[in-house]
Every structure is written in structure tokens, then in C-alpha cells.
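The block underneath contains the structure these notes are about, expressed in C-alpha cells.
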Amino acid sequence: MKKFVADPSFWALFPGAAIGVLAVEGINEAARLSPEQSAEVEALLKSANAAALAGLDQGAALSQYRPVAVWREAYQKFPTKKGARCSIEALLKRVSKGEPVGSIAPTVDITNAVSLKYALPIGAEDMDAFDGDLHLGVMAGGEDFLPIGADEPDPPRPGELAYYDAAGAVCRCWNWRDGRRTAVKDSTTSEFIAMECVDPARMDELKAALDELAGLLERYTGARVVAKGVVSQACREIMIQA
């Protein structure tokens, strides 16, 4: 049995935050869709790119756009690696430059579409690769972490916020950089998916986005949702795998 736990150290920093959690099994990362399904997913991503662009104030800096600004502020509350930014900022930056987020694979396209539509960060990890429970909390510093695409370890700093398990860090600077050990691959069939919100005014949007993502993954990738819920101050943990 595995669960996801947001530690007291996390709530001390972000008492009004919430994490939407999906745990899915039987997901097909290498799914080959029918032409009709491919067209539907392509339309979802195209519509999400358009919605994201429409939401931006073209006369203002991206950092002033509220869904980005709240994360810029959040990243000031704990030590980060220089240049670390919330994952949604990277997607919106591309859109703001007239470079729509393109198609990669069905699961990635669906996740990006929901992330763009709701302007919320979403990350996925290979749940079977977790060593025990998954946590979100403040690091002591020096925990084992090998970033995706890197050859050398790059451990968290003391006081940094990260997802972690018994073997080390899973994602550094909250939702900035994933590690190789738990990265999703074509062979992955069980996934933990996190959708974070630091703006208390957007909790209804978080729940709507979570429901939409679950439905789309079930419809197009064969995923079976085994856990779905919102972790908050009122409910700080959720079972994710039997």
C-alpha cells in the first residue's frame, strides 16, 4: 500500500494550497489512437492553446498574469535553484511567444491541454518506482536526485520544497524538475499525477480540471482511475496504490 502525504512543513509554508491527485493504472503511454481519436485530441490541444492565449494580457509581462504571479510569489517562500520556475509558466511562455504547445503523445497532449486550459501545473510520475509513500515537504538538503537528462546528481538544497520518497527526491523545487528514477516511460502503466493550486480562489477550477483530466485519460489511454481527490489542510493524505 502506498499513499501520498503532504507534510506539516508544507502546510507551514502554504496553508491555503491544495493538490489535486490522480492515481491511475493500466495507462498506455505508447497508445496509438484511431484517426478519429487523434483528431479529437489534436482539437483539444489546439483549443487549449487558444484559450491560454486568450487569457493572457498581451500588453503585460507574463510574470504579472495572475496564474503565473501567484507561483512566482510561492517560489519566493523556499530556497530554489537559480532560474527554477513553476511548470505552467514554461507552457504559458511558449504560448505568449506565439509558439503553441505541439503534439508529442496522447497522454502528454491530454495533460498539456488540461494544464493550458486551466492554467494549472500538472506532473506525472511512475507510481511503481516509488520507494514507499510519496511525500511533499521541506528537504534537509543533499537527498539523492538525478534529474532527467543529466549525468550528475543535483541534490535539493536545505529548506527546498520537493516531492520525495524513502529513496530520495522525486521532483525538485515543488514542480520544477523531475528525476530520472521515477520518470514516466513508454512501459509505465501506473502513474501518480499531481495538479497543484496555490490560489484559494481557484479551488473549484482545480476540481473541474481534475475531473476533466481523469475522464480524458480513461477515454483515450485506457487508464483506470484508482484514486482521485484533493489534498488540503482538511485532508492531508490520500491512498494511491493498494
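Does the stretch 120-130 contain at least one residue that is farther than 30 Å from residue 37 by Cβ and either small (Gly, Ala, Ser) or surrounded by 15 or more Cβ atoms within 10 Å (Cβ to Cβ) (or both)? Among the residues of the stretch 120-130, at least one is farther than 30 Å from residue 37 by Cβ and either small (Gly, Ala, Ser) or surrounded by 15 or more Cβ atoms within 10 Å (Cβ to Cβ) (or both), which makes the answer yes.
So, in the stretch 201-222, how many residues would count as being at pLDDT below 95 and in a helix (DSSP H, G or I)? I'd like the intermediate steps shown before the answer.
Kept after step one, since they are at pLDDT below 95, are these residues of the stretch 201-222: 221-222.
Cutting the leftovers down to in a helix (DSSP H, G or I) gives us 221.
Of the residues in that region, 1 qualify.
Select from the stretch 14-46 the residues that are in a helix (DSSP H, G or I) and under 19 Å from the mean Cα position of the chain (by Cα) and list them in ascending order. Across the stretch 14-46, the qualifying residues are 44, 45. Residues that are of a type outside the set (Lys, Arg), touching a Gly at 6+ places or on another chain (Cβ under 9 Å), at positive phi and surrounded by fewer than 20 Cβ atoms within 10 Å (Cβ to Cβ) do occur in the stretch 221-228, at least one of them.
Tell me, please, whether a residue that is within 21 Å of residue 44 (Cα to Cα), surrounded by fewer than 19 Cβ atoms within 10 Å (Cβ to Cβ) and not small (Gly, Ala, Ser) can be found in the stretch 82-92. Scanning the stretch 82-92 turns up no residue that is within 21 Å of residue 44 (Cα to Cα), surrounded by fewer than 19 Cβ atoms within 10 Å (Cβ to Cβ) and not small (Gly, Ala, Ser). In the stretch 62-78, the count of residues that are aliphatic (A, V, I, L, M) and at pLDDT below 95 is one or more.
A Cβ distance below 6 Å, combined with a sequence gap of six or more or placement on separate chains, defines the contacts here; from the stretch 120-149, residues that are without any contact (Cβ under 8 Å) to a residue 60 or more places away in the chain reach residues that are among the hydroxyl-bearing types (Ser, Thr, Tyr) and crowded, with 22+ Cβ neighbours inside 10 Å in the pairs 129/182. When you scan the stretch 170-178, do you find a residue that is buried (at least 16 other Cβ atoms within 10 Å of the Cβ) and at positive phi, even just one? Among the residues of the stretch 170-178, at least one is buried (at least 16 other Cβ atoms within 10 Å of the Cβ) and at positive phi, which makes the answer yes. Would you check which residues across the stretch 38-62 are touching a helix residue (DSSP H, G or I) at 6+ places or on another chain (Cβ under 6 Å) and either among the basic types (Lys, Arg) or open to solvent by 40 Å² or more (accessible area, probe 1.4 Å) (or both) and list them? 44, 51, 53, listed by residue number.
This table checks each residue for (1) among the aliphatic types (A, V, I, L, M); (2) under 19 Å from residue 4 (Cα atoms); (3) in contact with a helix residue (DSSP H, G or I) (Cβ under 7 Å, 6 or more places away or on another chain); (4) open to solvent by 10 Å² or more (accessible area, probe 1.4 Å).
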site: 135; (1), (2), (3), (4): no, yes, no, yes
site: 158; (1), (2), (3), (4): no, no, no, yes
site: 167; (1), (2), (3), (4): yes, yes, no, yes
site: 211; (1), (2), (3), (4): no, yes, no, yes
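Among the residues of the stretch 1-13, the one identified as open to solvent by 40 Å² or more (accessible area, probe 1.4 Å) and in a loop (DSSP other than H, G, I, E, B) is 1.
Mind checking which residues of the stretch 151-168 are part of a loop (DSSP other than H, G, I, E, B) and within 21 Å of residue 12 (Cα to Cα)? Can you show your working first?
First, the residues of the stretch 151-168 that are part of a loop (DSSP other than H, G, I, E, B): 151-160, 166-167.
Listed by number, the residues that qualify are 156, 157, 158, 159, 160.
On the given criteria, is residue 162 in contact (Cβ under 8 Å) with a residue 12 or more places away in the chain, within 15 Å of the chain's Cα centre (by Cα) and surrounded by fewer than 20 Cβ atoms within 10 Å (Cβ to Cβ)? Here the answer is no, as residue 162 does not meet what is asked. The condition of being of a type in the set (Ser, Thr, Tyr) and open to solvent by 10 Å² or more (accessible area, probe 1.4 Å) holds for residue 187.
The values are calculated or read from the model by the stated rules, or taken from the named source; none is laboratory data. Everything quoted here is computed from the prediction, not taken from an experiment. Here the Cβ is made from the backbone with ideal geometry for all residues, glycine too, and neighbour counts use every protein chain on show. For the accessible areas, the whole protein counts, side chains as well, though only heavy atoms, and no ligand, DNA or RNA atoms are used. Shrake-Rupley method; radii C 1.70, N 1.55, O 1.52, S 1.80 Å.
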